[in-house]
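Peer 1: Below are the structure tokens for one structure; questions will follow.
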């Protein structure tokens with residue numbers, strides 16, 4: 001696995017983190033990329049695998065956020081029974097990571 005592949009996966013994961021609006025995790029992602037590029041070959045391969053797994057998890061959380069937003073829209077226009085906006089709540093979240 002090359003450094004270019006690792007950087008590409010890192011950029012894609014970082015862009016999904018931006019969509020999730022979780023800025024501390026974006027900072028950790030950037031630091032992780034810098035540290036990983038300055039390691040030995042064996043450790044680098046392990047860090048690439050960890051980055052791929054982390055990227056898949058962030059992608060899953062992005063899909064969950066999209067589903068939440070779609071359900072919230074249906075909830076607000078009362079096309080489905082109210083779950084997120086029950087009792088005058090807005091249903092907004094600070095970030096969508098957890």
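Peer 1: Return yes when residue 58 is under 20 Å from residue 5 (Cβ atoms), part of a helix (DSSP H, G or I), modelled with pLDDT of 90 or more and under 13 Å from the mean Cα position of the chain (by Cα) and no when it is not.
Peer 2: yes
Peer 1: Here is a check on your reading of the model: is residue 27 within 10 Å of the chain's Cα centre (by Cα) and closer than 29 Å to residue 65 by Cα?
Peer 2: no
Peer 1: What pairs come out if I take residues in the stretch 22-39 that are more than 17 Å from residue 12 (Cβ to Cβ) and pair them with residues that are outside any helix (DSSP H, G or I) whose C-beta lies under 9 Å away, six or more apart or interchain?
Peer 2: Qualifying pairs under 9 Å: 23/95.
The values are calculated or read from the model by the stated rules, or taken from the named source; none is laboratory data. The structure presented is a predicted model; accordingly, all values stated were derived computationally and were not measured. Heads up, the Cβs are rebuilt from the backbone with ideal geometry, glycines too, and the neighbour counts pull from every protein chain shown.
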